[in-house]
Amino acid sequence: MDLKALRREYLRDGLERENLEDDPFDQFELWMAEFLELDLPDPAAMTIATVAPDGQPSQRIVLLKHFDQSGFFFYSNYDSRKAQDLDANPMISLHFPWHVIERQVKICGVAEKISAAESWEYFSSRPRGSQIAAAASPQSRVIDSRAAVLREYEKLEQRYKDDELPLPDNWGGYRVVPNEFEFWQGGAHRLHDRFRYSRQESGWSVDRLAP
């Protein structure tokens, strides 16, 4: 399949340093707010990249659930491939592909598990079916069939039909503590605007990168 003829022209005005916040968390919040106003599906979807001990990278889409000055939060099965990667190498990259507004954000940092109490706070707020599914699925493992997972789901549904489902021991959250942000905005003739925020002892430095 030849895709070389697929292209688009970027129509946004140029992005200048004076248009950006000094704090990358504040800048991210501004761009996220603009994206949320479009009311598109899954606005918090992000691609996360991890690296296995043998050097093999892998990516998957997960949902950002919260962010503040301490970092970016997502949740996962702690036995999954991503979790095994992070156990061996906690370095991680997040990517937000906001194509419709001709922007993207890349965040690099270190992932750390949050406390069971913090994980429970989110887990207990999830729909009942999502709670059961999190406990029933041996994420990333080879299974015989979908039916095997459904049987485990139904077994747990029956076992806890009158009780609160406990937080699974192998499920919880991660906080990604950033050390670098890149804000990208499309430009005419592929002369895109790119700004990198790098964490320093005294705060954040900001550099413009070539397209």
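All of the numbers you see were taken from the coordinates with simple rules; none came from a lab. What you are looking at is a predicted structure, and each value in this text was computed from that prediction instead of being measured. Note that we place each Cβ from the backbone using ideal geometry, even for glycine, and neighbour counts take in every protein chain shown.
How large is the dipole of the stretch 51-203 about the Cα centre if only Lys and Arg carry +1 and Asp and Glu carry -1, each at its Cβ, rounded to the nearest 20 debye? Intermediate results must be reported in sequence, preceding the final value.
On the way: 20 positive and 21 negative charges, 102 e Å.
So the dipole magnitude of the stretch 51-203 works out to roughly 480 debye.
For the stretch 187-201, 3J(HN,Hα) computed residue by residue from phi via the Karplus equation (6.51, -1.76, 1.60; θ = phi - 60°) reads x, 4, 6, 6, 8, 6, 9, 9, 10, 10, 9, 10, 6, 10, 4 Hz, glycine and proline entered as x. Taking every alpha-carbon pair under 8 Å whose residues sit at least 6 apart, the chain reaches a relative contact order of 24 percent. Multiplying the residue separation of residue 150 and residue 9 by 0.36 nm and removing their Cα-Cα distance gives an extension gain of 46.1 nm.
Enter the mean projected area of the convex hull around the alpha-carbon atoms of the stretch 97-211, in nm², rounded to one decimal.
Answer in nm², one decimal: 11.5.
Taken over the C-alpha atoms, the stretch 164-211 has Rg and Dmax values of 18.4, 57 angstrom. In the elastic network of the chain, a GNM with C-alpha springs shorter than 10 Å, the most mobile of 53, 138, 41 is 41.
How large is log10 I(q)/I(0) at q = 0.13, 0.15, 0.16, 0.24 Å⁻¹ when the Debye formula is applied to the Cα atoms of the stretch 22-87, each weighted equally and without solvent? Here the Debye-derived log intensity ratios amount to -0.47, -0.61, -0.68, -1.08. For the stretch 106-211, the list of GluC sites (Glu not before Pro) that fall in a loop by DSSP and count at most 11 other C-beta atoms within 10 angstrom reads 164, 201.
Placing +1 on each Lys and Arg Cβ and -1 on each Asp and Glu Cβ, with no other charges, gives the stretch 127-166 a dipole about its Cα centre of roughly 160 debye.
Taking amide H positions as modeled 1.01 Å from N, with prolines and chain starts lacking one, the residues under 5 Å from residue 10 and 5 or more places away or on another chain are 189, 190. Per residue, the convex hull spanned by the Cα atoms of the stretch 127-166 amounts to 63 cubic angstrom.
Given their separation in residues at 0.36 nm each and the Cα-Cα distance between them, residue 88 and residue 210 gain 40.6 nm when the chain is fully extended. Only Cα sites of the chain enter the Debye sum here, all with the same form factor; the resulting log10 I(q)/I(0) across q = 0.09, 0.19 1/Å is -0.45, -1.40, listed in q order.
Among the GluC sites (Glu not before Pro) in the stretch 5-83, those located in a DSSP loop and surrounded by at most 10 other Cβ atoms within 10 Å of their own Cβ are 9, 16, 37. Each Lys and Arg contributes +1 and each Asp and Glu -1, all at the Cβ; summed about the Cα centre of the stretch 1-127, the dipole is approximately 680 debye. Computed from the Cβ-Cβ distance with R0 of 30 Å, the FRET efficiency linking residue 38 to residue 179 stands at 0.55.
Given the Cα-Cα distance of residue 45 and residue 18 and 0.36 nm per residue of separation, how much length would full extension add, in nm? Could you put the intermediate results ahead of the total?
Values: separation 27, 0.36 × 27 = 9.72 nm, distance 2.83 nm.
The residue 45-residue 18 span can extend by a further 6.9 nm.
For the stretch 5-91, applying the loop criterion from DSSP together with a ceiling of 10 other beta carbons within 10 Å to the trypsin sites (Lys or Arg not before Pro) yields 7, 8. Cβ-Cβ distance of residue 158 and residue 190, R₀ of 41 Å, FRET efficiency by 1/(1 + (r/R0)^6): the value works out to about 0.10. Be a star and scan the stretch 153-169 for residues whose amide nitrogen sits under 11 Å from the point 7 Å along the Cα-to-Cβ vector of residue 125. Counting backbone N atoms under 11 Å from the label point, the list is empty. With the convex hull drawn around the C-alpha atoms of the stretch 15-137, the volume per residue stands at 134 Å³.
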